[in-house]
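Nothing in this text is a laboratory measurement; each read-out follows from the coordinates by a stated rule. This one's a predicted model, so the numbers in the text were calculated from it and none came from an experiment. When we count neighbours, we look across all protein chains shown, and the Cβ atoms used for this are built from the backbone with ideal geometry, even at glycine.
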Amino acid sequence: MPETDYAAFEPKSEGDRTLMHILYGLHTVAWASMGTLAVIALVLNYVKRSDEHDAVYASHHSYMIATFWWTVLWLVVTSPLWLFFVLPGVVAYTIIGLWYLYRCLRGWLRFSNNRPPY
């Protein structure tokens, strides 16, 4: 089994850290753009994750990607509630939105403390 030469990996720059904060920020305020900012951040998460060698950074990219797709899944699953009455749809989407916000803020705070998202 080959050994990994950790000296070959570049240390994380301040720009990498700033980009991660921007991505968390885009995900967090995505509700203001009806999800457009989240899609932009999602694309950047996929691009940056594929080049990532740092386990903490890669796990945060995966965390944001998973949060986005789970949110989309639950929005689609609960969308028929809007057909019955408005109130169940509003309640479901509010709960999903709060969960999304919680996940974004939790991950962002853990990243700020140099900890993995989980």
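Tabulated results
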| read-out | value |
| --- | --- |
| At q = 0.16, 0.20, 0.21, 0.22 Å⁻¹, base-10 log of I(q)/I(0) for the chain (Debye sum, equal scatterers on each alpha carbon) | -0.77, -1.06, -1.14, -1.22 |
| Lys, Arg +1 and Asp, Glu -1 on Cβ, resulting dipole of the chain about Cα centre, debye, nearest 20 | 540 |
| Crossing angle, helix 36-50 versus the chain [Cα axis fit, 0-90 degrees, rounded to tens] | 30 |
| Rounded FRET efficiency, nearest 0.05, which uses the C-beta distance separating TYR93 from SER13 and R0 of 25 Å | 0.05 |
| Between helix 55-78 and the chain: long-axis angle, C-alpha atoms, 0 to 90°, nearest 10 | 10 |
| From phi via Karplus (6.51, -1.76, 1.60), per-residue ³J(HN,Hα) for the stretch 16-28 in Hz, x at Gly/Pro | 5, 5, 5, 4, 5, 5, 5, 4, 4, x, 4, 5, 5 |
| Cα-projected label distance for ILE65 with TYR102, points at 7 Å along beta-carbon direction, nm | 2.5 |
| Spin-label model distance (nm) - VAL47 vs VAL72, 7 Å beyond Cα toward Cβ | 1.7 |
| Length added when fully stretched, ILE22-ALA55, from 0.36 nm per residue minus Cα-Cα | 10.0 nm |
| Sequence-separation-based contact order of the chain, relative, with Cα cut under 8 Å and 6+ spacing, percent | 26 |
